[in-house]
Structures are given as structure tokens and as C-alpha cells.
Amino acid sequence: MSNYNVVGKRIPKLDAAQKAMGRAEYIQDIKLPGMLYGKILYSKYAHAKIIKIDISKAKALPGVHAVLTGNDVPEKMKMGFYKDNPPIKKGKVCSFRDEVAAVAAKTPEIAKKALGLIEIEYEELEGIFDPEKAMEKESPLVHEHSKSNVLNLPWKLHYGDVEKAQEEAAFVVEDRFTTTWVTHCCMGTSGAVALFDASDNLTIYTNTQIPSLAQKDFLESLKAMGLKNKRVRVIKPIIGGGFGSKLDTYAYEHIAILLAHKCRKPVKLIFDRMEEFTATSTRQPAIIDIKQGCDKDGKLLFRDIKMILDNGAHTSWGATTPSVMMMPITSLYRVDNVRYDAKCVYTNNTYSQAMRGYGNPQATFAIESSIDMLAEKAGIDPIEFRRINRNHPGDITPQGFKITTCGMDLCLDTVEKELRKTASNEKSVGIGIASLIHVGGGARIYKSDGCGAILKIDDYGKVDVFTGGTDMGQGLDNITAQIVAEELGLLVEDINVVHSDTDVCPWDVGAHASRSTFVAGNAALGAAKKVKAKLLEFGSEILDTPAESLVLRDRLIFVPNDPEKSMPIDKLLRKAHFSPGGTMLMADHFYDPANENLGKDFKGNMSMTYTFGVHGVRVKVDEETGKVQVLEYVAAHDVGQAINPLLLEGQVYGGVVMGLGYALSEEVVHQNGKNMNANFRDYKLFTAKDAVKITAYVFETPDEEGPFGAKGIGEPGCVPTAPAIANAIYDAVGVRITNLPITPEKVLAAIKEKKKRPLN
Amino acid sequence: MTTNISFLLNGDQISYEIKDHWTLLHLLREEMGLIGTKEGCGNGECGACTVIVDKLAVNSCLYLAIDADKKTIETIEGLASTDGTLHPLQQSFVDNGGIQCGFCTPGMIMSSKALLDENPNAGREEIKHALAGNICRCTGYIQIFESVEAAKKMGGQNE
Ligand code: FES
Ligand code: FES
């Protein structure tokens, strides 16, 4: 048991009351004087040449202030991973979500009307929508300037000797798994408000998870517009959900900038729900061929994976998810011989981005489904099979990941115990489990994995922490405040966390890779430690006692068991301030973990620590309809140290339900590149009615490097859900569904198919 | 076309000249500046815009402002007392982790309020049913149910 005062406490989210009262300001709520409203016109075709655009009628509409086409976008204004995607396309469109024009008008209604008046003549081109077909030589090219639709990204590794291991294996299984498009569905849609001051400095309110990198992108845009040496201020209003969707900058932001500059007025551009479905980036669909083998005792000998990823028409960070998929592929369970080869392929579909788990859910679906198949073939209980191969603290995986702490054993035991509580001989009921590994101590995918924090404390013992980190509802505000309060002996209500403005907040690489608790937490802790040292120094002087004997707790600085030597912290601060040569306490800290970029052969200790978890589920399958009912769900996670169990459980529950949607119901349906279900009626999210009982177990395995031992937990909840469900369905009715989502139709078809097969 | 309507909004008598095509959501958010009511879809599919009209939870994005004439309307802004004390439902959402990004929260609380006002002893199934039209992407609903149940004990049905 820890004896922390603030860390580990179930303290409500700091901005919750504001939100509960309807007072929190989201991007939707921002209104500036003289503000105009922007709207974007998208392509009518998946693949076409733009022959002619006539904007004269739109321009003439009263209330319209500006109409932009691709011709108005500066040549060098480009977005995406390759910086090759202009915010409005010129000459050619490659997907339905390609932007072809934009307007700014006095009201959203006028803007919408103006879009309808833009006349565009297209010449439709043959589209390509199947990534496997797109790889064929005869297929049309999505981008004529590239020789092939296959991106030139070498996602390839081979550790050990897979061929040899395969020869030695007693049991081998092989199958193909596929996953489809799903999307974040943040309840607050995307949007931005851009404005320029008289000297052409930009302020942009936007919903980003990467304020510092976004600032850099926008600076590049200004440069492209001929505005050199200007300042960009990024202000994040309260964010209505992130889940990875806001890890790049998007056309709507750059278009808002162009419109604001052209109109010399603030321009607000907010997506409606349909746009949120059609014009934001999805999780990348994957075709995964996997082969795994073990010896006669169940020891995993090799894993061999080939993957094809539908990149869509443009390249955002989605194309880099194989770098994270490598993590479970090389390091989930002990396996010495691993081979992985992934190809990202251009199609005329929508393009993908980061989404909670960043490739890990796709890879884990294949691996953990296949592990069950292998266990069955080897005649070993699937939980036992995992126990045989589990990761251990001290392991260095083939990719060079150093496993510091690992609670996989605890998680396995717990999930097994929970699932076995109910005897399971009821017909059509089955259990399934799946494990996960994820980065828990930052992830060096950019040149820096750092975050800065600045801390100041006033005469009343009230602290302002300016952090580079981002809160989008997951609770970084609390994590920061609890860490600082713990370190300084204050209460959470003494800490104000500012995380919303690049003018005052230091640099951070972004809220991704479940890194914020670990990295932003360590940044805040580092700054607090510096202030604490000064407090102790003053305290020692004023209380006339060695600094080592002093304790900070409950707003007091004191020597334990010595009532004489005690003083309220605020009083000490005033003494420090209001004496000759007075001083006030403030400090900064930039924390960049000592993790490594993936180097040659993709080896390197990407994260300071890794987090593990095991999920177990009991399902009942209706053999008449194929409907899968989740009876019970157990999620056990190894978290280092829970800084705030209330919020941590919230991350797990939310992750699991997102994972259940991924497993069972969610799919962006595309027909020849066109989104066919861009609304909540047809895109099937889990609703309150579908909510399931989830028991979350949290194991504390304090990690030496983590702030108070904590590891990250934002993403893991949704990683092993789909394979756990697929395995449970197999256990229940003996059918193995290999493509997501596992809809009743697929289950029913598989049951029928199975019944047709002669018994062997 | 414009029409003059009058209604009781969070206890205040209001009279407003509206355009006939306005939705109640538009009137509240865009015209009256009551930003607490959220728009998540504008299509009756997410519940973020839920307000209470004559004791019934409705999607204000589908409800015409003109139909609010002579009605009693409650929005999230009307729940806390003037001294800043949160309504039991607001407090329990805060205390029980019912709020992450918070975008669904006003709608969730208004739907929950309509339920508890009508049925102070609502059980889990009734809560699930009452919130079926309110989507939350963050919480997985569990802590939201717990929030409503905790509010019940605090007297969530009271004004
Ligand atoms: S905004 Fe009214 S139901 Fe979604
Ligand atoms: S708290 Fe984010 S949608 Fe419910």
C-alpha cells in the first residue's frame, strides 16, 4: 500500500463541474465579433479530372465574402505525412473526400447555399478501391506521378530464422484476417476558428491533440502564403473527444486560415456530423496473413505476418501504423523468430489516420485469434498456452524492447479466475481471452518524445502549471494536478492546470501513444521537484532545521512529531517573497524520456516501459440469428501506479466499449469509395442499451521511470477486445470469424456453413 | 416568416420573435447564447441536444422553436441553483466519473433528469432505456449509469 495523499485518489475530473453545468466552451461555442462561417465543397467522384470550375454565381451571392478553389492555394501549402496533399485539390480528385472549393459567408446558411452555386465540370476516371487489386500492374494509378500504388515505405523486419523455426515446429496454423474502416465518432465534431491580427500573426482555435506540431504546420502554411516570420498561436478549446483523430492537421484548418486571411475576418469552420463521418480519417483497414508455430510443449517458435493496408488516396499518419503494429508482432509473448512485411497501398478510398491503439488492435486481432487456433491444434488450454509464452520482467524482446515491469501473469490469473467462477456448460455460451502489449512510457516516433512544464506558485500556495500536454477528456488535467499536489504537499484544488494555449504552454509532441501520464506527468513532476527543493531550503532556514527532516503535506511544512517546527506553506511563501532580496517560486522542466527511435531493422527500445493486459469475455451466441450477446467482460491491466483510479477505470471502460464496437458492430461502409452510412443510425455504435457489464482489474506494478510509478493506459482498453470476442464465439459455437466486425450475418453464415460440413 | 412565441425557460418567462423554421436548438444556442445544449448530429440521432419540454426529454435539434410556444422548457443551464450548488445529477456525474470529454454530458443529464422526475426509483434497465438515445463515445456508459444511480440516492428528482 502506498502512503500517498493525493496520488491514487479517486478525485473527480477537474473540469467536470464546468462541463456538467454546460459552461465548458468547445470549438462549436466560440463566437468572435465579425466572424464569418466557412464551408467546404467535396468531390462528386472518387477519381476524376477537374475540367472547369465556375465560382462566379457563388461569389455573387449576397453575404459571400470569399470563394476559394485549388488555384487559390499556394503551391507549397501541403498537408499529411508526406506533405503532398493540398487542402484544396487542383486539376484532379482522388477520393470523395477531396476538397474542391471553399467559401466564407456571413452565415452558415449562406455558405451552404454558395457551395450549391459552384459549378464544376469533371471527367470521371476509373477508380481503384481494393488494395490487393491496386497492387496489380494494370490497375489505374491513384497518383500518376508515382510508379505504383504501393507506397515506398519499407515496413519489413525479420528477426531470428522463421523458415528454420517453421521446420522445427510441431504445430503450425495459418489464416487470413481482415479488418475494416472504423471511425472515432468524437461527439464534438471537428472545427477551427482562424483569425489574423493587423500584423498578419495567426491565432487559431482548434481541436488538436498536437498543439506544438500543429503550430509548426500552420507556420509552414503561413510561409507558403508568403507570410514570413509571423507568429502562430494555437488555442485549444475544450475538446469533445480525441481518440487519435486530431493527430494531424487537416484541410479544414488550413482552409480556415486561407479564408481568414483573404477576408481579414475571423472564420469559423465546423463539421456537421455527415462531414465528420466522410471527411475525417479512419482506422486503417488491414488484410493480415499470419502463420504461427509452436513446439510440442506449446512454446511459441515463430510468427510470420504479411499485411496489406488500404492507405486511401492520401497519406496521413495511418501509413505509419505498421511501426506500432510491430510491437505486438515482435513482442506480445516470447517469440524469437519473427517476420513482418507490410505494404500500404493507395486506393481511391478515404485515407486513414491514428486511432486509439494505432494499429495495435488490428495486429492483435490476428495474433490473438491465431494463438487460440494454435493452442487448440497443440491440444493445450488457451489460457495455459498464454501462460507458457507470456512476457516476463527483465525480458528484452527481439525488437529490443526492454520489459521493465510486467503484470501479465497477474492479469492472466485474474481473468481466468473470474471466467471460471461461472461453470460454462450452457449451450452456445463460451469464453475467450486475449492479451495485449502497448507502449506505456512514451513512444519515440518523432525526433523528440518530450514535454515541457512550467510551474509557478503564488503567495497563497496556489499553483499554476502550464503543461505542453493535452487533455481531451481523458484526464491529463487531473493527472498533472495530482502529481504536483502530491509532490508539493498541497491539495488538488490548489493546482490550476493550463493546457490550452501555445502562447503560454511549452512544447509537447502530442497526446498520442498513451504517453501523457508518463511524459507530461514526468515533466510536471520535474518542475514540482525543483520548486519543492526551494521550499525545503527556505523551510530549513526559517524553521531552523535540516531540510531532510522536513515534510510537505496538507498545505503544511513541518518536522514530524515536532509541533514547534511547522508552518503553513503559504505563510512560508509569503516570507520568501516579502523579505529583503525576496523571491517567488517558479520552475520549468522539460522531460524527454531516454527511449529510442526505431533504428536499423526497426530495433530499439521505443518506450521506457510497456504495459500489459488481459481481457476475458463470456458470450452467448443465438444460433438462430447469429447475434452475439456479451454476458460478462473482465479487463485486467497492469498500470504501474494508478494516479487516479476513477479516471483510469473510465479509460478502460471507454476503451473496452470502443473495442466492442470494433469487434461486433462498427464499420464505415464504402461502396466504390463512397461512404454509405455517414450517420449514427447506420454506423452502429454501442449505445446505453447495448452497454455491458465490465469488471476492471488494475494491477499496480510501479515502474521505476514512471511518475510515482505510473504507466500509460489511454489506449490499451480497446486493443484485445476483438480477438477476445472472436475466441469466445469460437468456444461457444465452434465457428471462427476472421473478419471484423463480427456481425450476426457473418456468425449465422458460419454456423450454417459448419452444419453443412460432414463431421470428421 | 416570423412569429412571436412565449415560453417558460428555466423558470424565466421569455418572449421571443423567432423565424418559423428555427429549431429549438438554434434558438437556444445561436440566438440566446445558451451554449450548454450541444449539437452532436443535428439529426435526432445522438441526444447531445436533449432539453426538457413540459417534463419530456426531447431532441431540440428536431423540435421546432415555434412548437415551444406556451411550453415549459428546462435546459442544462437551469439545473444548478443560483448560489452555484449543483443539482444532484450534476454533482453525481462529477463525482462518479460520468464525465470525460463532456460533450454528451448536458444531454445525458437532461435525459436522466426527465427520467428521475417521472420515476425517482428508476432501476438500471429503466436508466438504460431512458439514455438509449444519448450517445457517449468516451465512457462506455458504466460510470454514467452509476452517476444516475448515485443521484437517485441524493434525491436527483428534486428541483
Ligand atoms: S444534435 Fe440533436 S440528437 Fe444529435
Ligand atoms: S464524455 Fe465524451 S462523449 Fe460522453
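The values are calculated or read from the model by the stated rules, or taken from the named source; none is laboratory data. Note that the structure is predicted; figures quoted are calculated from it, not measured. Virtual Cβ from ideal backbone geometry, glycine too; neighbours counted across all protein chains shown. SASA here: full protein model, heavy atoms, side chains in, ligands and nucleic acids out. Shrake-Rupley method; radii C 1.70, N 1.55, O 1.52, S 1.80 Å.
Points worth noting:
- Only one residue of A:Ala636, A:Pro758, B:Thr75 has its Cα farthest out toward the positive end of the dipole of the protein assembly as shown, where Lys and Arg carry +1 and Asp and Glu -1 on Cβ, and that residue is A:Pro758.
- Cα gyration tensor shape of chain A, rounded if a/c is under 1.5, else prolate or oblate by comparing a/b with b/c: oblate
- Sites B:Glu118 and B:Asn10, calculated FRET efficiency, Cβ-Cβ separation with R0 25 Å, nearest 0.05: 0.85
- Length gained on full extension, A:Lys156 to A:Glu121: 8.3 nm, using 0.36 nm per residue less the C-alpha separation.
- Entries in A:Lys78/A:Lys246; A:Lys78/A:Lys112; A:Lys52/A:Lys674; A:Lys59/A:Lys113; A:Lys620/A:Lys755; A:Lys83/A:Lys133 that, when Cα-Cα distance is taken, lie over 21 Å: A:Lys78/A:Lys112; A:Lys52/A:Lys674; A:Lys83/A:Lys133
- Each chain gives up part of its surface: B and A jointly bury about 3700 Å² of accessible area, both sides summed, for a 1.4 Å probe.
- Residues of segment A:179-210 falling in the label zone of A:Arg231, defined by backbone nitrogen less than 17 Å from a point 7 Å along Cα to beta-carbon, are A:195-205.
- Förster-model FRET efficiency, 56 Å R0, A:Asp544 and B:Ser81, C-beta, rounded to 0.05: 0.70
- Taking trypsin sites (Lys or Arg not before Pro) across segment B:51-159, the ones in a DSSP loop with at most 13 further Cβ atoms lying within 10 angstrom of their Cβ are B:Lys55, B:Lys70.
- Gained length - A:Phe578 relative to A:Asn3, 0.36 nm times residue gap less alpha-carbon distance: 203.6 nm
- If you take the Cα centroid of segment B:139-155 and the Cα centroid of segment A:99-165, the two points sit 45 Å apart.
- Rounded to 5, the percent of DSSP beta bridges in chain A classed as antiparallel: 75 percent
- Residues listed by number, segment B:15-43, amide nitrogen under 11 Å from A:Glu25 label point at 7 Å toward C-beta: none
- Modelled spin labels at A:Glu745 and A:His392, positioned 7 Å past Cα toward Cβ, are 4.9 nm from each other.
- Chain A: relative contact order in percent, alpha carbon pairs under 8 Å with at least 6 residues between: 15 percent
- Subtracting the Cα-Cα distance of A:Lys44 and A:Ala423 from their residue separation scaled by 0.36 nm leaves 130.8 nm.
- In nm, spacing of pseudo-spin labels at A:Glu493 and B:Glu30 (7 Å Cα→C-beta vector): 4.1 nm
- Comparing the full protein assembly with the isolated chain (1.4 Å probe, heavy atoms, ligands and nucleic acids excluded), the residues of segment B:75-118 losing at least 50 square angstrom of accessible area are B:Val94, B:Ile99, B:Gln100, B:Cys101, B:Phe103.
- Each Cα pair under 8 Å and six or more residues apart adds its separation to the average, and for segment A:443-542 the resulting relative contact order is 37 percent.
- Per residue solvent-accessible surface (Å²) - the protein assembly as shown, probe of 1.4 Å: 37 Å²
- Segment A:375-511, dipole about Cα centre (Lys/Arg Cβ +1, Asp/Glu Cβ -1), debye to the nearest 20: 960 debye
- Carbon/sulfur fraction of accessible area - segment A:91-247, other protein chains in place, 1.4 Å, %: 49 percent
- Exceedance of the 19 Å cut-off in Cα-Cα distance is limited, within the set A:Lys216/A:Lys236; A:Lys49/A:Lys343; A:Lys299/A:Lys377; B:Lys71/B:Lys113; A:Lys532/A:Lys575; A:Lys90/A:Lys228, to A:Lys49/A:Lys343; A:Lys90/A:Lys228.
- Each part reduced to its alpha carbon centroid, segment A:698-760 and segment A:324-351 end up 18 Å apart.
- Among the trypsin sites (Lys or Arg not before Pro) found in segment A:151-238, those both in a DSSP coil and sparsely packed, with 14 or fewer other Cβ atoms within 10 Å of their Cβ, are A:Lys228.
- This model, with +1 at the C-beta of Lys and Arg and -1 at the C-beta of Asp and Glu, gives the protein assembly as shown a dipole about its Cα centre of some 1540 debye.
- For segment B:1-75 versus segment A:175-235, the spacing of their alpha-carbon centroids is 33 Å.
- The charge dipole of segment B:24-107, taken about the Cα centre with unit charges on the Cβ atoms of Lys, Arg (+1) and Asp, Glu (-1), comes to about 100 debye, rounded to the nearest 20.
- Dipole of the protein assembly as shown, positive end: most advanced residue of A:Val619, A:Leu259, A:Gly400 [Cβ charges, Cα centre]: A:Leu259
- Mean sequence separation of contacting Cα pairs (under 8 Å, at least six apart), scaled by the length of segment A:120-244, corresponds to a relative contact order of 18 percent.
- Computed from label points 7 Å out along Cα-Cβ, the spacing between A:Asp562 and A:Glu624 is 7.9 nm.
- For B:Ala132 and B:Leu64, the FRET efficiency from 1/(1 + (r/R0)^6), where r spans their Cβ atoms and R0 equals 25 Å, is about 0.60.
- In the protein assembly as shown, taking the dipole from charged Cβ atoms about the Cα centre, the farthest positive-side position among A:Gly298, A:Ile569, A:Val100 is held by A:Val100.
- Paramagnetic reach from A:Asn597 (point 7 Å along Cα→Cβ, amide N under 17 Å) across segment A:490-523: A:509-510
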